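These notes concern the structure reproduced below.
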Amino acid sequence: MNANNTSGNRSPEQQFNAMVTHASLSLRPDGGQKSKHGFEIKDVTSGDHTLKPSHRFVQTRDLLQTVNHYLLHDRFELKQKKTSHNAAPLIIFLIDSSSSMAKNKMIAYVKGLIENTAKKHNRQSLKYALIALLQGESQLIFPPGKSKELLFQSLEDLKTGGQTNMASGIRKVYEVIRKQKGSDIVKLFILTDGKINKGKTSTPFEEAVQLHKQLLGSLKSVTVVDTESGFVKLQMAKDFANSIKANYKTLEI
């Protein structure tokens, strides 16, 4: 993903500000024309061509039919009816905000990226959730909701520090999804440099991979956005994406 860099005379500070101001993710799954300031996210499912609210039918009590049945048959029998329920797609951002993300202002790029993604899709009925990997644990800093103002405030307040416990983040994502029974379209974006260095075992990277397969293996749309910076890159985020069979994108600055 590239910032719009039409001017070759920009200072490093101006280029940074342009990146934070304009970069965004496209949440469209249809593989449309690439954004000038971002990349397109293509859904791995063949049948999902929109991010419009899905229609579900749920059983509710039909009081009118229940009363009519009682009057006609002189006995009580609870009647049910099917009603349509619109489920807003849920976009979950799992953000690595460990100490390594503070280097080269990477967390600022990530904040700007998410904020502009939400602004870009402002007209769509989407829900967002933010989970941060901070101080060796995971925190739900923005529970699923549609308020852009609260979303942006949560991003502004996000701090950095500690180690990266990806397994804890995966558990938190699983908890969020389980509670959102009405959302059958879930898209997960993992923004990390891949330096997974904490967990319940001595091999936190492998622990996270295995836990993802167990808890989120059925999730149809997962994208790892590589935020690693510097001349020498270990590409651990790419290894993680390959290990969990997720889409992989790079945050190129």
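The values are calculated or read from the model by the stated rules, or taken from the named source; none is laboratory data. Keep in mind it's a predicted model, so treat the numbers as computed, not measured. Here Cβ is always computed from backbone atoms with ideal geometry, including for glycine, and neighbour counts include all displayed protein chains. Quick note on the areas: whole protein, heavy atoms, side chains included, nothing else; ligands and nucleic acids left out. Shrake-Rupley method; radii C 1.70, N 1.55, O 1.52, S 1.80 Å.
Let's see how each residue does on (1) open to solvent by 10 Å² or more (accessible area, probe 1.4 Å); (2) over 29 Å from K146 (Cβ atoms); (3) not hydroxyl-bearing (S, T, Y):
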site: V173; (1), (2), (3): no, no, yes
site: I185; (1), (2), (3): yes, no, yes
site: S202; (1), (2), (3): yes, yes, no
site: V209; (1), (2), (3): yes, yes, yes
site: G217; (1), (2), (3): yes, no, yes
Which one is modelled with the lowest pLDDT, of the residues in the stretch 212-234 that are assigned to a loop (DSSP other than H, G, I, E, B) and of a type in the set (S, T, N, Q)? S229
Looking at L191 and the list (1) open to solvent by 40 Å² or more (accessible area, probe 1.4 Å); (2) within 14 Å of M101 (Cα to Cα); (3) not in a loop (DSSP other than H, G, I, E, B), which single condition is not satisfied? (1)
In the stretch 120-134, residue surrounded by the fewest Cβ atoms within 10 Å (Cβ to Cβ) [restricted to those that are touching a residue at least 60 places away in the same chain (Cβ under 8 Å) and not hydrophobic (A, V, I, L, M, F, W, C)]: S125
Being open to solvent by 60 Å² or more (accessible area, probe 1.4 Å) and among the acidic types (D, E) is true for just one of E115, E137. Which residue is that? E137
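Here's the yes/no breakdown for (1) of a type in the set (S, T, Y); (2) in a strand (DSSP E or B):
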residue: Y128; (1), (2): yes, yes
residue: I131; (1), (2): no, yes
residue: E149; (1), (2): no, no
residue: S154; (1), (2): yes, no
residue: T160; (1), (2): yes, no
